[in-house]
Amino acid sequence: MHWQCSSFSELTPKALYEILKARAEVFVVEQQCAYLDMDGIDEHSHHLVLQSEHGELLAYSRLVPPNVKFQEPSIGRVLTTQVARGKGFGRRLMQESILRITVLYPNASIRIGAQAYLEKFYNDFGFVRVSDNYDEDGIPHLEMLRANKH
């Protein structure tokens, strides 16, 4: 297994296809949520992928720069594929996402828009609730912030 972190322009067509396919499988099909995934943020972001030794996408997150989605940098579109679930890849993905975003944007706090049912999961990584729940595409969400430790 290996991590790959790429800017949008560094993604090959095949890599982009695999990312968008995984996002559609998880967020549109599994969660039965019809929404426009291609939101104009991808081309500004870095894309973190964990692949198996055979090149299969296991986990993914989008690392969004400051002042694109939020004032702070953000981690979004966090997913593990069905084949990778229950093996700790989600936790490893968040650890790697935080590490990579800290390298890209040193000394910055990180803000996320999280599905509300995952609040405890994100608490484990130092994120705290900073908003009331809100509806995003029919799913309860909340904003969470991981303060810069500096």
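The values are calculated or read from the model by the stated rules, or taken from the named source; none is laboratory data. From a predicted model like this one, the values you see are computed outputs, not experimental measurements. With ideal geometry, Cβ positions are generated from the backbone for all residues, glycine too; neighbour counts draw on all protein chains shown.
What to note about this one:
- If you go through the stretch 105-114 and keep only what is touching a His at 6+ places or on another chain (Cβ under 7 Å) and crowded, with 17+ Cβ neighbours inside 10 Å, you end up with just 114.
- Among (1) in a loop (DSSP other than H, G, I, E, B); (2) at pLDDT 95 or above, the one test that residue 54 misses: (2)
Matching residues to (1) among the aliphatic types (A, V, I, L, M); (2) without any contact (Cβ under 8 Å) to a residue 60 or more places away in the chain; (3) in contact with an Asp or Glu (Cβ under 9 Å, 6 or more places away or on another chain); (4) closer than 23 Å to residue 146 by Cα:
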{"position": "14", "(1), (2), (3), (4)": "no, yes, no, no"}
{"position": "44", "(1), (2), (3), (4)": "no, yes, no, yes"}
{"position": "62", "(1), (2), (3), (4)": "no, yes, yes, yes"}
{"position": "65", "(1), (2), (3), (4)": "no, yes, no, yes"}
{"position": "98", "(1), (2), (3), (4)": "yes, yes, no, yes"}
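- Count of the stretch 80-108 residues, restricted to those that are under 13 Å from residue 26 (Cα atoms) and either at pLDDT 95 or above or in a loop (DSSP other than H, G, I, E, B) (or both), is 3.
- Some residue of the stretch 76-99 being farther than 25 Å from residue 43 by Cα and acidic (Asp, Glu): no
- Filtered residues of the stretch 1-37 (kept if in a loop (DSSP other than H, G, I, E, B) and either surrounded by 15 or more Cβ atoms within 10 Å (Cβ to Cβ) or within 15 Å of the chain's Cα centre (by Cα) (or both)): 11, 37
- With respect to (1) crowded, with 16+ Cβ neighbours inside 10 Å; (2) farther than 30 Å from residue 148 by Cβ; (3) without any contact (Cβ under 8 Å) to a residue 40 or more places away in the chain, the lone exception for residue 86 is condition (1).
- Selection status of residue 117, in a strand (DSSP E or B), closer than 23 Å to residue 34 by Cα and of a type in the set (Phe, Trp, Tyr): no
- Meets criteria (farther than 15 Å from residue 80 by Cβ and among the aliphatic types (A, V, I, L, M)) for residue 20: yes
- When the stretch 7-41 is limited to residues that are at pLDDT below 90 and of a type in the set (S, T, N, Q), the one that is nearest to residue 103 (Cα to Cα) turns out to be 31.
- Among (1) touching an Asp or Glu at 6+ places or on another chain (Cβ under 7 Å); (2) in a strand (DSSP E or B), the one test that residue 49 misses: (1)
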